[in-house]
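See below for the structure under consideration.
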Amino acid sequence: MQNARQATGRGTTVNYDYGLSPEGRAALALGMVALLLGFGAVAAGAYIILYSAMPMISLPGGLPAADRDVVGMFLAGSGALTTLLGGVSLYKSQDM
């Protein structure tokens, strides 16, 4: 073991091998990005629901216009799910 050494006189092992693996670092970075995107989607959904003056919001791709409350609730729900997945990713990155 290169990163551990025997402490003199006590018989205990001091381990200097700390930090995350490359997979743990990637999971940590992706979790942080997911948290930011999730919080942004929740904030955008809340803004659309509370402060938007448009009664209907046109959707892309030939979809019919939707009520602003439906669009805001979809954004808030998908943002909450993304935030939850980002938090789980951050939690699991500590085990890698």
Worksheet item: Residue-wise, which Karplus ³J(HN,Hα) couplings in Hz belong to the range 87-96, taking 6.51 cos²θ - 1.76 cosθ + 1.60, θ = phi - 60°, and x for glycine or proline?
Response: x, 5, 5, 5, 5, 6, 5, 6, 8, 8
Worksheet, complete the sentence: Between the modelled labels at S52 and A66 (7 Å from Cα along Cα→Cβ) the distance in nm is 0.9 nm
Discussion item. Using a 7 Å offset from the Cα along the Cα-to-Cβ direction at both R25 and M73, what is the distance between the two label points in nm, to one decimal?
Written reply: 4.4 nm
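The numbers here are math on the coordinates, done by the rules we state, and not lab data. If you're wondering where the values come from, they're calculated on a predicted model, not measured in any experiment. Note that each Cβ is placed from the backbone with ideal geometry, even for glycine, and that neighbours are counted across all protein chains shown.
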